[in-house]
Each structure stands twice: as C-alpha cells, then as structure tokens.
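Read the structure below first, then the notes.
The values are calculated or read from the model by the stated rules, or taken from the named source; none is laboratory data. The structure presented is a predicted model; accordingly, all values stated were derived computationally and were not measured. Counting neighbours? That spans all protein chains shown, and the Cβs are built from the backbone with ideal geometry, glycine included. Heads up: the accessible areas ignore ligands, DNA and RNA and are worked out on the full protein's heavy atoms, side chains in. Shrake-Rupley method; radii C 1.70, N 1.55, O 1.52, S 1.80 Å.
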Amino acid sequence: MRTIVSFFAWLLALGLIFSLTLTATAQTECPYAVIRLEITPPPDTNAICTAARPLSEAGYRVFVLLTDRTFNSEAEWFAYLDQVEAEAGLRDPRVEDGFARNAIALEVTTQNAPWNVVITYGERLFGTPLDNDATIDQLKETVRRGLAENRPETGVAQALARLAATVGAVQMATGEEPTAPTPAIAPEAEQSASSWVRWLVGLGLLGGAGALGWKMSEPVRARRREEARLRAHLRAVQNATATILAALDTLLSGIRPEDTPLYQMFQAYHGHLYDDLDAEVHDLLRQAQAALRDAFDVYHALSDAAAQRQRPLEDQIRDWELLYLTLVGTDERVRNLTDDQVRELLDPLSITENTPPEEGQLARQLDALRADLRGKTMRVPLQFVDPERVDQAGILGLIDRVKAHIAHLYHARQQAPQEIDALRARRDALAAAIPDDFVMPPEDLLAPIDQHLTHADDLLREHRYLDVLDLAEDLDAMLDAAEAFLEAVELHREHLKLVEEAAAEGYRPPELPNALRAADDALSRAMHALSQPEGVAAQNAVDAFIAATTHVRNVVNDWRTLHQTNAARFENLKQRAEQVRTTWETRTRPEWEALQAYPSANWDDIAPRVREAEHAFETITDALTEADRFNALHVQDFTRAAQRLTDAAHALTLVQNVQQLISDRLQAVRNAEQYIETSLQKAIADLHALEELHTREDRRLGEDIKEHLHELHTMFDTVRRLIGKRHYAPAQQTLNEALALLSETQQRAHQQLEATRIAEQEIAAQAIEAQKLRTALEAALDTLPESARTPELITQANTARRLLNEAEEARAALPTLADEALHATLEETRRHYTQALDALRAAQEQVQIAASLYQQTLEETRQLIEETAQALAEAETLANHPMIATTDLQTLEEARRMFANLRRIPLEGASLDTLRRIQKEAAHVRTYTESALQQFRRVLSQVERQRRSRTIAPTSLGLTSSIPHAAPSHRVSRPRASRSRPASRSSSMGRSKRR
C-alpha cells in the first residue's frame, strides 16, 4: 500500500512539473498565425488572428510574439528572437541565417526601448515594397501607438492589416500566384524532437494526474501572473520616471537657477526686467533644482539592483511611485495629463508656437530636448500610492508655473506693438471727428492720450512689453471716454434744441432750471477729467454727463406729455359727465320717484346713496372746472390738474353705480308685487310635501329636519305679513332665504332616508349570509370527529356564535328606535354583523383544516400499518426457510409482539395524538422488521455463495484450457519523430531580414 501511495505521489509531482512547464508560455489557437503571448494579463487575440488571415491565405507563415520580458541589450533581445523563431519552426539553428523563405514575424516587447518592435521576413519578400525603411518605420509606429495606449493587440492587428495590403501589392507587381496557405502551426516533421518528447511525456503523466496537478498549480500560476503584472507595472514606472528625469535634467541643468535653459528662455523674452517676476521665477527654479537633485539621489538608490533585490516587489513599486509623484506632483490637473500633454509641458517651445529664441545654443538645446521626448511614454497609473495622501507640489508643477510666466512674456511681445498701433489709429480717428465748434480745445482732449502713446513707444524700445499692455488698458479706457464724450456733447446739443422748442410752445417745466444747471456742472467735470491722464475717472465723468443731459430731455418730454394727457382726459370726462347728467334727469329721477311711491321699507336703505350721488354732480363740475384751469399754459399746474381729473372720474363712477342700483331696486319691487304671492304659495306647497314625508318617515329622519320645518313656517308667516304691508323688497329677501333653507332641508331629508335604506339593506344581506355561514359551520362541526375537535377550535366557534347573537340582538332593536338613536344603532349593527361574518368564515376555515388534517393523518396511519403488515409477512416467509436458525428470530419476535399490540388500538374515533402515537409505534415495528429481513437475507446469501463454490471449484482447477485465447492486437505503433531535422529541411530555409 505504501508503494502505491509513493508511486501516485511521484506521478502527481511529475505531472505538476510538466503542467507548469507547458503553461509557462501561452500559445493561442489561431488557424492563420502562431501567436505567442508572454504578457500579463493576456490580451484578446481575435483581431490579430483576423488580420493575419489574408497573409496566411496568400501563402505566408505568420508568427506574432508579444512579451513583457526585459532585455539588457538589443543583442540579448535578438538572441531570444532566434530561440522563439526556432521553437515556432521558422528558423533552423543548424543553418546560418536559416529562416523560412515565406515567413513573416512581428515580434514586440513592451520594454521602453528603441528596438522594442522587430519585423523579420524571408527571401520571398526581398526587393519588394515591404523591403523598405519607410514602410517598416510606419509599421513599427503603428505598433508603438498601440503600446502607448496600453492596447498592444490593437497596434499589432493594425500593423498586420497594413502588412497584408503591402503583400497584395507585391503579388500584383511580380505576377506571383498565391501559394496554398501554409499552416500557422509548424508541421509535425518540423517540430523539434525534444519538444515532442516533452509534450508526449507531459500528456502521458497528465493523463494520470494532470487534472489534479493543474488544480494544485493554480495558486502558483496565479502568483506568477500577479508577479509578472507587478513587474510590468514597475518597469513602466521606472521608464516613465527615467524619461521625465532626463528631460528635467536638461531643463534645469546648471548650478544656479539663472544657468538653466528655462531661465535663459525667460531672460530671452526680457522677464528679468521685472524685479518681482524675476524673483518669483528665480525662486521657482531654485526649488525645482533642489528637488531634482534629491530625486536623482533617490533614483540612484532605487536603481541599485543588488540592494533592491532583497526588498519585496510591492515596496519597490511604492518607492518608485513616490519618486514619480515627486516629479509629476499630486495636483490632479497635472497627474491627468496625457503623454502628449506631458511632452508639451516639458517642451518650452510649445508656448512660443515652436519658435525658438534668437540665442543659437539655447535653441539647439531645446530642439534636442524635443527630439528626445518624441514617442516616449511618461504617464502611468499609480497602484500603491494614493496621491490624495501625499503632499507634494511636484517639479512639473513648478516648471508649469515658470512656463506660464514665459508664455505671458512671449505673448506680450507679440501683442504689445499691435495693441499700440491699433490705439494710435483710434486716436487719429478721434482727432478727425472733433468738430470745429467743440466745447473744449482739441489739444486739451488729445494731450493725455498722446502722452500715453509716447510713453508706450519708450517702453517698447526698452522691451518692457508687460508694461506696454498695462498702459494699453489705460489708453483704451481714455479713448473710450473721449469717443463717448463726443457723442454726449452732440446729444446735449439736441436736448438744448428740444428745450428751446418747448419754451417757444409755452412750456415751463418747474424742474428744468435745476436739470440744466446739473447738466452744465456735469459737462465741466467731464472736460476736466478728460484733460487728465486717468481713463477710468474720465469715463465716469462722461457717464455722469450723459445721465444729466438725458434728465434734461426727460423733464421736457414728461411735462409736455402730462399736459397733453390731461387735455385728452378732460374732454373725455366732460363728455361722460354730460351723458350721466342727462340720464339722471330723464331716467333715474323718474325711477326714483316711482320707487318712493311704495312704502319706505322698499327704498329707505338706498336713500343715503341717492343723496350722495346728487351731491357728486357738484363735485364733478367743480373738479372739471379746476382741472381745466390748472392745465392751461398760463397757469401750468399740470400735476394738480391730473389729480382733479381723477377726482371727477371717481365721482362719475359713483353716480353711475347709484343709477344702476335704483333701476335694479324698482324692477325688483315691481316683480315682487306681481309674482311674490305665486312664489309663496308654491313654496308653502313644497313645505307641506316635506312635512308629509317627515310624518311618514319620522323615525328615520333626524331632529334637525323637524327644527328646519318649524323655522320655515316662521319665515313664511313673515313673508305674508310684509306682503300685506306692501313691503315687497324685504318680503322678497325673506322669501329667497326661506327657499334656500327649504331646498337644503329637502336635500338633507332625502340623504338621511337613502342612507337609512342602504344600511337596512346591507344589514339584511349580512343577516342572510351570516345564517348560511352559521348553518355550514354547525354542519361541519357535526361531521368532524369528536377527537378532532380541539379546544382552540371550540373556542373559535363559540366566539363566532356570540358575535352573531350580538348582531341579531342589535338588529331586533332597530324597529323601536328613531332619529339619531336609529342611525347610531344601524352603524353599530352593521359593525356587529361584519365582525360576526369574519369570525364565522375563520371558524369554518379552521374546521375544514382540522377535518382535512385528521383525515390525512388517519389515511397515513392506515397506509403505514398496511405497509408494516406487508413487510412483516415477507419476514415471516423468509423465517420459514430451513437455513434460518431459531436464534435468528428474536428480532422478528419483537416485531410480531409490537405489531400485535398496535393492532389492538382502534383507529376509528382515535384522536390526532393517538394517531400520531400509532404512526410512531408502526415505524418502530417497521424498523425491527427491516432489521430481521436484512439478517435473513444475509444468512441466505451466505448459504448460496457456499453452494456455488462447491459446484464450480473442480472446473476452475482442472479445465483451464477451455478458456479461449485472446485475439491478437492490431494496434500499430506510430513512429516517433526524429530528434534531428532531415537534411532536406534546409531547402525551405533561406536568408532573412530582421528590422
């Protein structure tokens, strides 16, 4: 046993070793290319396989290698390529430069090196368009773009597609016919013997323990994949850090800040002329140089391979990421820059529109820096360091601030002369626009502007372009103020003409003198401000002058408009007053006299309003007279005229309202005199009908109906009395109130009767349903065995009976109740019936459940007893066998005794507890019976085996020749592959070019 275990352990270990060996390199299945992946995580190769199809169908053998291994030199990289090409069957190591004539290999390492992309092709493609430096460079650049975007599979697929297009051009130019597609995976004869032996042995071992070995190796392979991923990330951080460090070393080279190319560029654009700016840039460069020196110290320490090899990989990555952050900084804007944007940040010429300064040595330095940065990857995602928890400004952040100052200086040098030229043109245009009769001498207006222009010319000669731009802002404000002043003066002249025209018409606005004085003062202040070299103050003074002269215009226009509006209102009100007075005399006064012919109760409430209207005629006359006088030009009190016109309009409205009131009252009195008796009789008839309904349904109507009937009788009596006195207006008002109350009472009575009827119908329906449920419940209880009636079930049924009795008692009391007591009892009875119905339904449901449970338990018990009896009968049959000894019957005897006792318990009428106890006892009997059966079967089986052995033994010992011989095997062994390649192999090999 120990030998077997040892052998299995050896087989398992060996299978695990081979499984690890075979899975070290992933080789994807693609019918058109050999795709070898040594990159973690492995990318999707569908696009690569699809792109290789045209090449394969054109007769080319395609090989693709993607690896994240690192190599110390190009020679080491090329040696590795020789090895993988030989393993792929494309290269014969025994033949010098023995590469397949029709093979194309695209081999890529993610290492940041100028030789990281290699294209190798055989003799068939020599002297074709592919055999060209420009074509090869384009293909390599396509792959590198995919690497920069962290999508190597995309770059490789695009390069293969372009390569396929080139192959198509070759075929058309040379007239070659496409050969049959060459399998992407090398034929069996071309595989090395050692490789096949390793595969066969590995597969054989894996056949015994491969699955288990693969499963056990998964943690190991997972750790290897994770380590490969971390090492690839470490290389990316190291490469990006080294690239940025090299660029910074150029930008910040020198001992002092002023020695750096950045400061020389700053100085080339005359930034040193500004002391504060020069000090700030000097300090920024000093900080950057100090930080760079520290960064180089850390870089050298981290680059010590011997020291770092002893440290965990995660710690190495964390230190390199911290160094990367020292260069890039934690500012989110800088960290999120793309590679192109980082290159632009490190390229000072990007802010000067690619125009270098005039100084030759500096220009050559910057051009060389730009060339070094081209195509480099400088942005990597961080995995171990959280930038939010690191307080680091970053050297790139300092560089960015210095570049911002240089950019400002550069653009100022470009813009300053243009700004001054544009402002000088505006000054000339302003001078040409000044009229001869201007309010101030032109030289006083232009002198401050000319002084600023002269000063700007001096600053331009001194290369102080920032100061020129500041001065240009003042000049712009001064020119804006001067141009606005010219327009304001012309506007003021128009306003003065308007004043003269209004005066000629006789208008004398009371505010005009003050407005004119304010405008003159504002004009003087504006002329003074414009003669001073302060643009903002001049603009404010001009704005104040514009506001003052605009006020002069508004005063004149508003005064004239008010006079004209008053005149129009006066004519309109005068015409309305005449119409109202005529209506009063011809219609309203006769109506009022006719109304007064009736008793005073019909009109005494509106008499004060009539007197007020008659007095309003005097107010209208006086107001219109005064308004006309105030609005005359010789008086010119337009404001008081507008107020008196408003008084006249209010008085006219009052008179018109009273006229309508008198007409409405007279019409109402006459209508009442003619029709009120008829309306009263109809209302009394409706009241009698309501009283009859109340008498008939007294017990179903509330007390409020009775109170309203009494109140209606009182109101109708009042109406009769008022009619007798000819007090028609109050009689009609009282009758209207009585009719409203009568309608409300009728509606309420019908609502009460309808509610009572619905409640009685619902109660009757509930009573019928309750009786049905009660009958069904009693019937279900009668059929339920006594033993199935649990105390809970009896209690629930009694509760339902009690609730139904309470509901019936409440219903029986209804005929003796009336009014509010009836309505309250109706609701209570409906509630009792609802509770009783719910209880009856619940009790009936529980009875059904109890009956079903009891019946189910009874049936299960009967079935269990029957099955037990059958098992016991089978055991009795076996027990009669002569080979069963008496001692073997003890278990059966116990089962017999227990089953006999079980049979004595009657099932009919048994309680649930009794039935469950019977089931439990039957299960015990079944257990004993099954035990006896097993015991009997073992005994009989043993006897049968002994009988057979006695019958077969002589034949097996003496008649061996009767067994037929095995048929000869027809398996044919397949020959193993030769360990050495056949000599004819070299005929398919030829020279190659690796580029």
note = Descending packing, highest mean Cβ count within 10 Å first, for 759-772, 541-554 is 541-554, 759-772
remark   = Thr816 and Arg508 label points (each 7 Å along its Cα→Cβ direction) are spaced in nm at 10.4 nm
query = Taking the stretch 679-747, how much of its Cα-Cα pair set, in percent, is spaced more than 15 angstrom apart?
reply = 49 percent
inquiry  = Just to verify a number: what accessible area does Asp297 come out at with the full protein assembly present, 1.4 Å probe, Å² rounded to tens?
reply    = 100 Å²
message = Taking every alpha carbon pair in the stretch 624-702, what does the distance histogram look like in 5 angstrom bins from 0, in percent?
response = 3, 12, 10, 8, 8, 7, 7, 7, 6, 6, 5, 5, 5, 4, 4, 2, 1, 0
key: Alpha-carbon centroid distance for the pair the stretch 478-547 / the stretch 701-771, whole angstrom   = 82 Å
task = Calculate what fraction, in whole %, of the accessible area of the stretch 679-747 sits on carbon and sulfur atoms when a 1.4 Å probe is rolled over the protein chains.
result = 49 percent
message = Starting from a Cα-only point model with no solvent, please compute log10 I(q)/I(0) by Debye for the stretch 436-562 at q = 0.10, 0.16 1/Å.
response = -0.41, -0.78
query = With every protein chain kept in the model, how would you rank Glu860, Glu571, Glu591 by accessible area, 1.4 Å probe, largest at the top?
reply = Glu571, Glu860, Glu591
request  = Compute the length gained on full extension between Val439 and Glu593: take 0.36 nm times their separation in residues and subtract their Cα-Cα distance, giving the result in nm to one decimal.
outcome  = 47.8 nm
query = What relative contact order, as a whole-number percentage, does the stretch 856-942 give when Cα pairs under 8 Å and 6 or more residues apart are counted?
reply = 51 percent
ask   = Which value, in Å² and to the nearest 10, is the accessible area of Arg994 when all protein chains are kept and the probe is 1.4 Å?
value = 60 Å²
message = I need the calculated FRET efficiency for the pair Arg948 and Thr927, taking r as the beta carbon distance and R₀ as 30 Å, to the nearest 0.05.
response = 0.40
request  = Starting from the Cα gyration tensor of the stretch 570-671, multiply each eigenvalue by 5, take the square root, and state the resulting semi-axes largest first in whole Å.
outcome  = 34, 11, 9
query = Accessible area of Lys140, 1.4 Å probe, to the nearest 10 Å²?
reply = 30 Å²
message = Could you tell me how far the Cα centroid of the stretch 292-311 sits from the Cα centroid of the stretch 602-616, in Å?
response = 111 Å
